[in-house]
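The values are calculated or read from the model by the stated rules, or taken from the named source; none is laboratory data. The shown structure was predicted, so the numbers you read here are calculated from the model rather than taken from an experiment. Heads up, the Cβs are rebuilt from the backbone with ideal geometry, glycines too, and the neighbour counts pull from every protein chain shown. Note: areas computed on protein heavy atoms with side chains; ligands, DNA, RNA excluded. Shrake-Rupley method; radii C 1.70, N 1.55, O 1.52, S 1.80 Å.
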Amino acid sequence: MEARDHELKKELAATLQARGELGAEYESVLIESFLEKVEQRLDTTLDRRVRRQLAEQQMTATRGARPTEPGSFGERHGLGIVSLVLAVPLSAIGVANAGIEGLVVAWLGIVGVNAFQAARGGGLFRRREARTPSDWRD
């Protein structure tokens, strides 16, 4: 991308130099010419990105696989991992305050929360839409 930026800077410098040599009466023609070059470069970049996205979608459709979502493991198993981490202190608090009945209540709560979440359809972040890469990045 830096090479293209350098080329664009050279084009701008050439346009400004031509304006200085030709005078203000040719300014609009020079600006239009420069903007046309910028537009062509943007069109080329956009076409390349669209072709790449279409090719990726066609490959995904051909394979019959769903597109992978970044972080999907954490979203699917996050609550279970957090539950196991919190199970130790919750068990200790339950036993210290109510004996074996407290331990049973703590574990019933942990299992109940996880069962509800699993029955609801998966991860905590299921409703959030997957992020797509920026269209402006190359």
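Observations on the model:
- Taking Lys and Arg as +1 and Asp and Glu as -1, the other residues whose beta-carbon sits under 13 Å from that of I31 total -4.
- For region 22-37, Karplus couplings with θ = phi - 60° (6.51, -1.76, 1.60), whole Hz, Gly/Pro x: 8, x, 5, 5, 9, 4, 5, 5, 5, 5, 4, 5, 5, 5, 5, 5
- Solvent-accessible surface ranking, highest first, for I31, I100 at 1.4 angstrom: I100, I31
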